[in-house]
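No lab work stands behind these numbers, since they all come straight from the coordinates. These figures come from a predicted structure and were not determined experimentally. So basically every Cβ, Gly included, is an ideal-geometry build from the backbone, and we count neighbours across all protein chains shown.
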Number of protein chains: 2
Amino acid sequence: MSDHTHPSPAESLIAAQGGRITRTRVAVLDILLAAEQSLTHDEIGVALDDKGIKHDRVTLYRTLDWLVESGVAHKMAGDDRARRFGVAASGPHEHAHFHCDRCGKVVCLEGLQPAVAVNLPGGYQLDRAELVLHGACPTCGKGA
Amino acid sequence: MSDHTHPSPAESLIAAQGGRITRTRVAVLDILLAAEQSLTHDEIGVALDDKGIKHDRVTLYRTLDWLVESGVAHKMAGDDRARRFGVAASGPHEHAHFHCDRCGKVVCLEGLQPAVAVNLPGGYQLDRAELVLHGACPTCGKGA
DNA sequence: GGTGGTTTTGCAACATAGTAGCATTTGCGC
DNA sequence: GCGCAAATGCTACTATGTTGCAAAACCACC
């Protein structure tokens, strides 16, 4: 529609995965990149709507799914049935997550992988470990 | 409906929580007690139907919810949107779970809590840690 | 810059998981 | 046995996620 005078890192990130540069895809990745914590579909949808980007619920699901399959983003299941999405900073998402039980926010704790090489009963082949810490985040902890 | 000649441990467990001994509640807890791995609502419903226990989907939800609130069972969110339930052997459910990525089964690994007291960024108040190990279970690992 | 093929979007309908309200039943104290 | 409160079962509803297909957008090529 206009000249692309703002070459966001999202575009190059999408292009690096062999995907097409589309409005929705760039906007979603931009939102994910700017967010400090994992977001749900609904939150991303609201943010998308706030940016004036026309979108569909299904498109959002497929876009997020594509980002996860491309390794750009990663998804995780929270306490309720809402899946949350975040950008995968490093290659493997071998990092812990902190889930605040009060505000429900999920933050990625990069560079915080404990020794999970525990003694497996035998026969079990460990592929990856997912550690979720529950408690109160700094914001909610102070207001307690 | 007949005389209770088999006083299952489920009954006393329910009574200890101050709950009423009902058909559904005893049967559900019995199934959970007998199962080695966590079960979904659907799996419990099938097992309930297999035992000839008349039940409703909503009743099952509420029964499971009551068991969780009473501390008898514990729930966790899997990879998909289906919640899984299992009996809480000890008091706090401070144990790890193993999720087989091939058959989708979730097993509770009792007595397998690693040192998760990692260095939190500060301000975060850790309440409990949930560790989910992903990989292949002995059954699926052998057939690979 | 135009054209064509393929991907992506958008729409509608569907599928599954979980919840709410309320009348009826049932367990349990009395 | 009686009565009350808890638990069940029913319908309907919400939320989350999926599938199929036609229209539009993106990109390669000319």
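Miscellaneous remarks
- Between A:ALA16 and B:ARG57, the C-beta separation translates, for a Förster distance of 45 Å, into a calculated FRET efficiency of about 0.45.
- Cα shape, region A:36-75, gyration tensor, a/c 1.5 rule: oblate
- Greater than 26 Å apart at Cα, pairs in A:LYS75/B:LYS51; B:LYS51/B:LYS105; A:LYS51/A:LYS75; A:LYS54/B:LYS75: A:LYS75/B:LYS51; A:LYS54/B:LYS75
- Between B:THR139 and B:LEU33, the contour length at 0.36 nm per residue exceeds the Cα-Cα span by 36.0 nm.
- Close amide H contacts of A:LYS105 (hydrogens built in the peptide plane, cut-off under 5 Å, sequence separation of 5 or more or a different chain): A:CYS100.
- Across peptide B:96-102, the average count of Cβ atoms from other chains found within 10 Å of a residue's Cβ is 3.
- Distances between copies of B:GLN37, taken at a point 7 Å out from Cα along the Cα→Cβ vector and listed shortest first: 3.2 nm.
- The mean count of C-beta atoms from other chains within 10 Å of the C-beta of residues in A:129-141, rounded to a whole number, is 6.
- Taking every C-alpha pair closer than 8 Å and separated by at least 6 residues, the mean separation divided by the residue count of region A:1-76 gives a relative contact order of 25 percent.
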